[in-house]
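Student: The following block contains the structure, expressed as structure tokens.
The values are calculated or read from the model by the stated rules, or taken from the named source; none is laboratory data. All values derive from a computational prediction rather than experimental measurement. Positions of Cβ are backbone-derived with ideal geometry, glycine not excepted, and every protein chain shown enters the neighbour counts.
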Amino acid sequence: MDSLMQQTPAINRLFRFQWEPASHCHVLLYPEGMVRLNESAGAILTHVDGNRTIAQIIDQLKADFPEAGDDLVQDVIDFFTEAHHELHWIDFA
Amino acid sequence: MNCTGSILPDVPNSASEQQHADVPPTPETGQPLWLLAELTYRCPLQCPYCSNPLDFEQRKQELTTEQWISVFEQARRLGAAQLGFSGGEPLLRDDLEELIRAARDLGYYTNLITSGMGLTYERMQAFKEAGLDHIQVSFQASNAEMNNYLSGNQRSFDEKLEVARTVKALGYPMVFNCVIHRENIDQIDKIIELSIELESDYVELATSQYYGWALKNRDHLLPSKAQLVAAEATTNRYREQIKDTHRTKLIFVVPDYYEERPKGCMNGWGNLFLTITPDGTALPCHSARELPIEFPNVADTPVEEIWYRSKGFNHYRGYEWMKEPCRSCDEKEQDFGGCRCQAFALTGDADNADPVCSKSPHRHLITDAQANADKAQPASEPLIYRNRKNSAQLISVQQIEEESV
């Protein structure tokens, strides 16, 4: 898990992450398709810039959502694990 | 817009008061998330399964740059996020760079759907600078001889290979598209190998759908059931073979002729998908022009008006229009009775159930075609290429037939 915390995630070049004003949600756009993201996935991906490590992103999210509690760390780790291995939204630099 | 879930059925303030108790209320209209801009019907290829209307030769008018950009702005405000530049061959529009830039600035994910013919390295670089997100290159087959035969163009294969390599070199995601049919389906292994060699990100192996030119040429195109089963098995074999080494995603689209239930066409009529044809006619799908319905034009009607309130776009929303067997069918909310264009093209009445459905009284039209596809030589007429001469000829024949009725 420690090694995962030091990974630097970047959005796979096949996807584009953005806010959709008409739909009021973050989305991932890819060739001829779109994933509508829930609020927590949107909040996490907002901090993915190819520079920050997962540990740094977690620190930022803790500051953004002080009320989130202890589950936050595990939620973010689970998200990146799935987003990298299964969904291929995320590459590790 | 209808008020779904209303607990006040007696208040006569919405369309729901006119609804009959035997069908569910019309669902709220979705956003037009997908905008398909058919920039032109001009095309250097003559593919016999083209989805353009048969009478494209009579429809030469094209929207101006400003009109297209206005459409992009309007649709974006309604929620459109995906924009496909299609045709015909969209590269034949000299203002394509400008249209891409405008679309990208508005926040669209921009897709160029092209044959690749005439696409130079410089132009692809200019598209990249304008913000183009993705290029889909269509192939007709895995080798020059078959590719050029099917496209009616002698140079097309080599040009496509060059374009596909450049797409990757410039860092675009690449979608390799090949329409699969009777004449090339037995080479699907070679087609997949080519797509992997070209490092495609997505591979669409889409069996042809029978509208427009493809319906005219159906006997040449519809594979037999045995061919289809073999092709799917081959695709699965390659999926397994590359799963640990490549991210290439193989997408095999089965022809609905071999299904028992129709497809939920376009995710519902006027619910997700908005096509604008070269002359500005707005359609709920790219085949709908063949229907005997009047559709609005963006040149004189705002896109919002078209999407939410035009007669054409509301025509098949909800379930009120349905006849039996759809009306009482418990699957109507999944498949919406199938495809209106297919119902019209095959049965002559767009309100009928899609004959692909095994409950349709016209199902024999599909099973007859299946049986015909099992013959060694199913086609008795020559293949008709999609070109201007044939378009003009088909229309004059149609007019003569109409006059003689």
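Student: For residues in region B:55-100 being among the hydroxyl-bearing types (Ser, Thr, Tyr) and out of contact with any helix residue (DSSP H, G or I) (no Cβ under 7 Å at 6 or more places or on another chain), which is farthest from the other protein chains (Cβ to nearest Cβ)?
Tutor: Per the criteria, the residue is B:Thr64.
Student: So B:Gln334 clears everything in (1) buried (at least 18 other Cβ atoms within 10 Å of the Cβ); (2) closer than 14 Å to B:Cys265 by Cα; (3) polar (S, T, N, Q) except one condition, right? Which one?
Tutor: (1)
Student: Which condition number in (1) under 24 Å from B:Met266 (Cβ atoms); (2) at pLDDT below 90; (3) surrounded by 12 or more Cβ atoms within 10 Å (Cβ to Cβ) is the one that B:Met1 fails?
Tutor: The one condition B:Met1 does not meet is (3).
Student: Restricting to region A:6-26, what's the tally of residues that are outside any strand (DSSP E or B), more than 19 Å from B:Thr248 (Cα to Cα) and within 14 Å of another protein chain (Cβ to nearest Cβ)?
Tutor: So the answer is 4.
Student: Please name all residue pairs, on different chains or six or more residues apart, with Cβ atoms under 8 Å, provided the first residue is in region B:362-386 and is within 30 Å of B:Arg42 (Cα to Cα) and the second residue is basic (Lys, Arg).
Tutor: B:Ile384/B:Lys216
Student: What is the residue count in region B:122-171 for residues that are farther than 19 Å from B:Phe85 by Cβ and assigned to a helix (DSSP H, G or I)?
Tutor: Qualifying residue count, region B:122-171: 16.
Student: Working only within region A:40-54, note down all residues that are modelled with pLDDT of 95 or more and surrounded by 15 or more Cβ atoms within 10 Å (Cβ to Cβ).
Tutor: A:Ala41, A:Gly42, A:Ala43, A:Ile44, A:Leu45, A:Thr46, A:His47, A:Val48, A:Arg52, A:Thr53, A:Ile54 - these are the residues of region A:40-54 that are modelled with pLDDT of 95 or more and surrounded by 15 or more Cβ atoms within 10 Å (Cβ to Cβ).
Student: Could you please let me know if B:Ala233 is more than 14 Å from chain A (Cβ to nearest Cβ) and modelled with pLDDT of 95 or more?
Tutor: yes
Student: In region B:41-48, is there at least one residue being within 14 Å of another protein chain (Cβ to nearest Cβ) and either closer than 30 Å to B:Ala169 by Cα or of a type in the set (Val, Ile, Thr) (or both)? It would help to see each step written out before you state the result.
Tutor: Of all residues in region B:41-48, those within 14 Å of another protein chain (Cβ to nearest Cβ) come to none.
Scanning region B:41-48 turns up no residue that is within 14 Å of another protein chain (Cβ to nearest Cβ) and either closer than 30 Å to B:Ala169 by Cα or of a type in the set (Val, Ile, Thr) (or both).
Student: Write out, first by first residue and then by second, each pair whose Cβ atoms fall under 8 Å of each other, whose residues are 6+ apart or on separate chains, and whose first residue, in region A:27-39, is touching a residue at least 40 places away in the same chain (Cβ under 8 Å) and more than 7 Å from chain B (Cβ to nearest Cβ) while the second is of a type outside the set (A, V, I, L, M) and not in a loop (DSSP other than H, G, I, E, B).
Tutor: Filtered contacts from region A:27-39: A:Leu28/A:Arg16; A:Leu28/A:Phe17.
Student: Further, regarding this structure: Can you pull out the residues in region B:50-99 that are hydroxyl-bearing (Ser, Thr, Tyr) and over 24 Å from B:Phe127 (Cα atoms)?
Tutor: Across region B:50-99, the qualifying residue is only B:Ser51.
Student: Any idea which of B:Leu78, B:Leu8 is at negative phi and modelled with pLDDT under 95?
Tutor: Numbers: B:Leu78 fails: modelled with pLDDT under 95.
Testing whether each residue is at negative phi and modelled with pLDDT under 95 leaves just B:Leu8.
Student: What tally of residues in region B:137-163 results from selecting those that are in contact with a Gly (Cβ under 7 Å, 6 or more places away or on another chain), over 27 Å from B:Tyr210 (Cβ atoms) and among the hydrophobic types (A, V, I, L, M, F, W, C)?
Tutor: Step one: of region B:137-163, the residues in contact with a Gly (Cβ under 7 Å, 6 or more places away or on another chain) are B:137, B:159-160, B:163.
Narrowing further to those that are over 27 Å from B:Tyr210 (Cβ atoms): B:159, B:163.
Filter once more, so that each one left must be among the hydrophobic types (A, V, I, L, M, F, W, C): B:163.
Residues meeting the conditions: 1.
Student: Limited to region B:170-222, what total is found for residues that are more than 14 Å from chain A (Cβ to nearest Cβ) and under 16 Å from the mean Cα position of the chain (by Cα)?
Tutor: 14
Student: Considering only region B:52-67, how many residues are touching a residue at least 40 places away in the same chain (Cβ under 8 Å) and either crowded, with 16+ Cβ neighbours inside 10 Å or part of a helix (DSSP H, G or I) (or both)?
Tutor: Total satisfying the criteria: 11.
Student: Something else now. Of the conditions (1) in contact with a Leu (Cβ under 8 Å, 6 or more places away or on another chain); (2) on the phi > 0 side of the Ramachandran plot, B:Ala103 fails just one. Which one is it?
Tutor: If we test B:Ala103 against (1) in contact with a Leu (Cβ under 8 Å, 6 or more places away or on another chain); (2) on the phi > 0 side of the Ramachandran plot, just (2) comes out false.
Student: Right, something else. Can you tell me which residue within region B:347-405, out of those that are in a loop (DSSP other than H, G, I, E, B), among the polar types (S, T, N, Q) and modelled with pLDDT of 95 or more, is nearest to B:Glu259 (Cα to Cα)?
Tutor: B:Ser358
Student: While we're looking at this one, here's another question. For residues that are surrounded by fewer than 19 Cβ atoms within 10 Å (Cβ to Cβ) and within 23 Å of B:Asp354 (Cβ to Cβ), tally how many sit in region B:291-311.
Tutor: Matching residues across region B:291-311 total 4.
Student: Under the condition of being over 20 Å from the mean Cα position of the chain (by Cα) and within 14 Å of chain A (Cβ to nearest Cβ), which residue from region B:101-114 is surrounded by the fewest Cβ atoms within 10 Å (Cβ to Cβ)?
Tutor: To start, the set of residues in region B:101-114 that are over 20 Å from the mean Cα position of the chain (by Cα) comprises B:101-107.
When the remaining residues are screened for being within 14 Å of chain A (Cβ to nearest Cβ), the result is B:103-107.
Values: B:Ala103: 28, B:Arg104: 18, B:Asp105: 13, B:Leu106: 16, B:Gly107: 17.
Once the filter is applied, the top-ranked residue is B:Asp105.
Student: Please specify each residue of region B:115-169 satisfying the condition of being within 14 Å of chain A (Cβ to nearest Cβ) and surrounded by fewer than 17 Cβ atoms within 10 Å (Cβ to Cβ).
Tutor: Passing the criteria: B:Lys128, B:Gly131, B:Lys168, B:Ala169.
Student: Here is a follow-up. Does A:Leu37 qualify as being surrounded by 13 or more Cβ atoms within 10 Å (Cβ to Cβ), in contact with a Cys (Cβ under 7 Å, 6 or more places away or on another chain) and within 25 Å of B:Leu106 (Cβ to Cβ)?
Tutor: For A:Leu37, the condition - surrounded by 13 or more Cβ atoms within 10 Å (Cβ to Cβ), in contact with a Cys (Cβ under 7 Å, 6 or more places away or on another chain) and within 25 Å of B:Leu106 (Cβ to Cβ) - is met.
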